[in-house]
Amino acid sequence: MNPPVEILPAASSAAGPFDLLMLALLLLSTLMAVALALMVIGFSIRFRAGSRAERPGPVRHRRAIEYAWTGIPLLLFCAIYAWAAYDYAQLFRPPAGAMPVFVVAKQWMWKLEHRNGRREIGELHVPLGQPVRLVMTSQDVIHSFFVPAFRLKQDVVPGRYTTLAFTATKLGRFHLFCAEYCGTEHSLMRGEIVVMRPAEFEQWLQQGADTPGIAARGFALYRRYGCSGCHEPGSSVHAPSLAHLVGRTVHLQDGRTLVADENYVRDSILLPRKDIVAGYGPDMPSFAGQISEEDLLAIIAYIREKPDER
Amino acid sequence: MHEKPATLVKVWIALLALLALSAASAWLRLGAWNSVANLGIAALKALLVALFFMRLATGGALLLRVVALTALFTLALLLALSGTDYATRELFRAPWDQPSAAQVQSAASGATGRTRSGPGDQNEP
Amino acid sequence: MSASTDTLQASDYLRASYTLRSWLTSTDHKRIALLYLVSITAFFFVGGAAATLIRLELATPQGDLVSHDTYNKLFTAHGVVMVWLFLIPSIPSVLGNFLMPLMIGARDLAFPRLNLASWYIYMAGGIVTLCALAAGGVDTGWTFYTPLSTMFTRTHVVLVLLGVFITGFSSILTGLNFIVTVHTMRAPGMGWFRLPLFVWANYATSIILVLATPVLAMTLLLVAAERFLHVGIFDPALGGDPLLFQHLFWFYSHPAVYIMVLPGMGVVSEIIPCFARKRIFGYRFMAYALLAIASIGFLVWGHHMFVSGQSAYAGMVFSLLSFLVAIPSAIKVFNWSATLYRGWITFSAPMLYALGFVGLFTVGGLTGLFLASLALDVHLTDTYFVVAHFHYIMVGGTVMAYLGAIHFWWPKISGRMYPEMWGRVAAVIIFFGFNLTFFPQYILGYEGMPRRYHTYPPEFQVLHLLSSSGAALLAVGYLLPLGYFAWSMYYGKRAEPNPWRATGLEWQTSSPPPVHNFDRTPVVTQDAYAYRPPGQGEQV
Amino acid sequence: MIPQATASQPVAPAAAGAHVARLGMWIFLATELMLFGPLFLAYLYGRTHFPDAFAAASRHTSFWLGTANTAVLLSSSLAMALAVHAREEQRPRAAARLLLLAAACGVLFLFIKGSEYAHDWREQLFPGPGFSLRGETGAGIFFWLYFAMTALHALHLAIGIAATLLFALGLRLQWPLVQPAQRLDALALYWHFVDSVWIFLYPLLYLVGRSGPPG
Ligand code: HEA
Ligand code: HEA
Ligand code: CUA
Ligand SMILES: [Cu+2]
């Protein structure tokens, strides 16, 4: 049990800006609420029916006041909005070289896999001070990855990837909650985040690497499902090279262009007819229903790191 | 005060002509303009129906016109604001996702066999 | 018409006939309002019973009172019953029905039979929902998020959807009736800017009812279809999008929160001028603000989806719009406060409730701003902070206003006075019980306590205990009015036509009003709220 | 505000009946439009995410039947508008005949629609097991929306037909229920609305990708 000395630890780089904005808004609204309360209570006492307060004539109705108390909140609100939106946008800009961790949520547990293949359930070890980027999906319903000490939360949606980036700034163990209601044992879908010193983390990571590494597993799957049969140079099928695909700009047949990310690769595998690459035919078969979420993540991890063949 | 039967018949003829036009235009290869033409014609037809058959053109229908427009506008809101989500969802991850980071990484990690080196060492110079 | 106060009026609407049948087939808006009053009160206690069990369970961190599934069904039932069967119809269907025709000087609503039909539809929906709950309930939360509701839960989703679906049509018909009534049935001289703000509020509410509820109806049908036929609109495996449901649901449900609060604002705008003996400050701004809330309210639904995987750009648009919708609310709070200035204020029970509304709505609204702030919502969403936010507005705000309204118009409705002393005691108990229940939840939420949690880490227990004890106090506060209103029906002092010396046409007719509302057509010659200081000319 | 009694007339609604009925019906139509809203949004979603599948699926609908049906419905609307006109000119018999004509067009529409459904059934276009366009992700969504939208429309039309027949009969037999002119007016508004919905369903469901697959 955490001692209630500190209401809530601030353990990520997002927590500082959050608490600052929270405090600012708290002050502003307390100010407003107290001012209003004083006004209402003050008037109530001063102008109670029996009081002798002066009430000279009918209150003249001043438009100016009304415009003022429309306009001033408007300006304040715009300022808060801009501040909050700026902080929000920062959450989507992980520093370069963030360490990827793959997360698969299911009723009612968290399955996590590090890049070297070390897997954990319900617990996530991360190094202190280094950016981490979670690539998350769900096998069934919507869940939500919530770490209060980090002030971060992101829904985990079936059928696509959502990401969450953070840098831990405090050693220790922190709650991990599932925050989106997901059925019977929603409240038991909890876990812990363990923030370790980088060196210890490194050690920890090496200990339990029970598989050859997620990308290597992906490579094996890549061959097992026959992707290599079409996508490797020298294959007889006319299919695009997948080297450096993630992050590359892709031109589609219908004229659109987009930057390939995990969701795009995922859709290419499961819904190949959705976005056809310019210059290729709609020949890729759909693998929907054949590859498990974890295997998909492994294949994508492989494609992410796939070197140039040439 | 209301439309004469002759007007109504004329409107009907116009409607049928528009129908023929949209049916025919659908067979032309106009790309995205096919839809624009079809839906534009549909809007025109609906406008004719509303103005003449439903009598929004006649005087004294101001309130009714407001009701009709409000409903259309609300429907448009549903489509448009949900549309902002769908139209920008893909945009949202890609540019902020630092594709360059991905490349830095894959360049650094080299061949796929080299998995034993943890990600930590990339970040510690 | 003031002479006949103490004589029994054979023609008043309560005594026009006594049989059950005459009540169940009445097209008199006043009788229909009472039908609603009875049924809505019953549903409130059903929802309250669920809340009681929730708070009991949460008194300890372990799930020792009920099982996981039962807990999940409890908060779902609580949300569904409170939102659709209690709060949405509460003020419009009971007081709106009773008062709108009286306030505009009409004999009835534009479509009296439709009005009765609305009640039957409401009851049908309510009974279907209750049956579904009795048959085992449903565990999706009141939000029915897909794909949990479509593919995973094995509870009675479709039956509950059907109940809500049916209830929706009752809302639609009520809204339609109100709009047409306000447009076409105003008494001579009753121009738009002479309407009491309560009428404006119900008019604005009706616009939302009419435009948003059908979307919910179709959305619920789509969920049912998805469950039966698995068509794939919400299933990513078939190309669908689970978030599509959220867009559709919140397109209705955000405007619906204004359905729940606008009528309360209308009530408060009647009560405060009356007990401050002053014209409301900034009448026109108040009227425009109601319309502004109703219309901008349609633009902000995406603020429930900031971390759902919705595009961040869309999030930014919705956040900005959410701040905009707060402006008219701010105007209202300021104007209510300003109305007190230089008034002659008395503190009868309705006024206590109204002031309670202003305070608690402000706190709830201000915390709404926290949630609308993108970066803050990332942490606060789906925690008890949200639970506290909406209870502050819905319970602290609207339920307070509803109770205030019942007290205020009780003399008109029943022809009897409620016991003033008890009214004040209950108001104070409710105010303190409420804050004790829900203020700790803000702190819980900030500390990260997720909502819809059956069990929780032990460090949250202290605050949960405070909240549960507050709920007990709150329960007492809610049971009191039930008791003394029932008492006053038989033993209360007889009410004069206008016990509060209020303006407004409803006070010009006898208490309780005759079946036809007015003996003679009222002709309006003054603006609303023409209050004068005591001694400077009487009202009636 | 002391209301002054001008006359001792009983309180009567201030408004003319015609206005009340029309306003009520228009507001009802607004709710009807919003009822279709989620289907349109689902369509927008599917169409933008699976443009090719939607085009391919739409090519499986019956172009000619859909077009003919549109013409039938537009004509029914003309008959309805003329009926209202006749009723206002105090020619109830002519009005009744025109109503019958409108209803007949409606029935014809439903008949054609039914034969279309039968055709779709044979072609296995009902999404579900045995759906013939399984391979094309998104085609299922298209056809589901196709059936949902057209069925909802047909339901509305069927209600309209029933009401129209009642009115035709009532006008002939002089039932008091259908006598007030504004009631027929309201029915006509409903009918034209149902027609307008179809005007949009037609290009959305029948005309997508008619000019052939892209490329
Ligand atoms: C009657 C009900 C009601 C009302 C009126 C409101 C009003 C508002 N709500 Fe609330 N809300 C709900 C009921 C309501 N809400 C419910 C039920 C949920 C949760 C649903 C669920 O998930 O189950 C919810 C959730 C909710 C969320 C999503 C939280 C989440 O799940 O992440 C957000 C986010 O933006 C939000 C914002 C707002 C805002 C900005 C207002 C504004 O309209 C408030 C405006 C009022 C004021 C701002 C106060 C007065 C103003 C002043 C005194 C001005 C002076 C102030 C300054 C100058 C600072 N609400
Ligand atoms: C609209 C109105 C409304 C109202 C009036 C209330 C009233 C109350 N609600 Fe609320 N509540 C919601 C709407 C409302 N609620 C919604 C929409 C949700 C979200 C649901 C979801 O997540 O899906 C929610 C969720 C919710 C939760 C969160 C559950 C969770 O996330 O796990 C809690 C917890 O404290 C709670 C408590 C209360 C309490 C203590 C009251 C009190 O004010 C109630 C007081 C009334 C009484 C206490 C009744 C008195 C009667 C008796 C005492 C008789 C009892 C009889 C027996 C016990 C046999 N509610
Ligand atoms: Cu997983 Cu809640
Ligand atoms: Cu909202």
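The values are calculated or read from the model by the stated rules, or taken from the named source; none is laboratory data. Given the structure is predicted, the values throughout are model-derived calculations rather than measurements. All Cβ positions, glycine included, derive from the backbone under ideal geometry; neighbour counts span all protein chains shown.
Summary table below
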item: Test result for residue C:360, surrounded by fewer than 23 Cβ atoms within 10 Å (Cβ to Cβ), within 16 Å of ligand 2 (Cβ to nearest atom) and part of a helix (DSSP H, G or I); result: no
item: Among the candidates C:94, C:66, residue that is away from ligand 3 (no atom under 16 Å from the Cβ), of a type outside the set (Lys, Arg) and buried (at least 24 other Cβ atoms within 10 Å of the Cβ); result: C:94
item: Test: residue in the stretch C:213-223 that is surrounded by 24 or more Cβ atoms within 10 Å (Cβ to Cβ), within 16 Å of ligand 3 (Cβ to nearest atom) and part of a helix (DSSP H, G or I); result: no
item: So residue C:440, is it within 14 Å of chain A (Cβ to nearest Cβ), over 18 Å from the mean Cα position of the chain (by Cα) and within 14 Å of ligand 2 (Cβ to nearest atom); result: yes
item: Residues satisfying the stated conditions in the stretch A:127-145, i.e. in a strand (DSSP E or B) and farther than 26 Å from residue A:265 by Cα; result: A:127
item: One residue from C:490, C:478, C:484, C:456 being of a type outside the set (Val, Ile, Thr), within 27 Å of the chain's Cα centre (by Cα) and more than 8 Å from ligand 2 (Cβ to nearest atom); result: C:484
item: Test for residue C:482: is it closer than 26 Å to residue C:103 by Cβ, at pLDDT below 95, more than 16 Å from ligand 1 (Cβ to nearest atom) and more than 14 Å from chain A (Cβ to nearest Cβ); result: no
item: Matching entry among A:205, A:258, A:221, A:296 (being over 26 Å from the mean Cα position of the chain (by Cα) and either in a helix (DSSP H, G or I) or surrounded by fewer than 20 Cβ atoms within 10 Å (Cβ to Cβ) (or both)); result: A:221
item: Test result for residue C:229, more than 10 Å from chain A (Cβ to nearest Cβ), away from ligand 4 (no atom under 16 Å from the Cβ) and among the aliphatic types (A, V, I, L, M); result: yes
item: Test: residue in the stretch A:66-76 that is hydroxyl-bearing (Ser, Thr, Tyr) and more than 9 Å from chain C (Cβ to nearest Cβ); result: yes
item: The one condition in (1) surrounded by 16 or more Cβ atoms within 10 Å (Cβ to Cβ); (2) in the same structural domain as residue A:88 (by TED's automatic domain parsing) that residue A:44 fails to fulfil; result: (2)
item: Odd one out for residue C:502, checked against (1) assigned to a loop (DSSP other than H, G, I, E, B); (2) surrounded by fewer than 19 Cβ atoms within 10 Å (Cβ to Cβ); result: (2)
item: Every pair of residues 6+ apart whose Cβ atoms lie under 8 Å, when the first sits in the stretch C:43-58 and is within 14 Å of chain A (Cβ to nearest Cβ) and away from ligand 3 (no atom under 16 Å from the Cβ) while the second is among the polar types (S, T, N, Q) and assigned to a helix (DSSP H, G or I); result: C:58/C:467; C:58/C:468
item: All positions within the stretch C:331-365 that are over 19 Å from the mean Cα position of the chain (by Cα) and facing chain A (nearest Cβ under 7 Å); result: C:331, C:334, C:337, C:340, C:341, C:342, C:343, C:344, C:345, C:346
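One line per residue, one yes/no per condition, for (1) within 16 Å of ligand 1 (Cβ to nearest atom); (2) among the hydrophobic types (A, V, I, L, M, F, W, C):
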position	(1), (2)
A:69	yes, yes
A:82	yes, yes
A:91	yes, yes
A:103	no, yes
A:124	no, yes
A:138	no, no
A:149	no, yes
A:160	no, no
A:168	no, yes
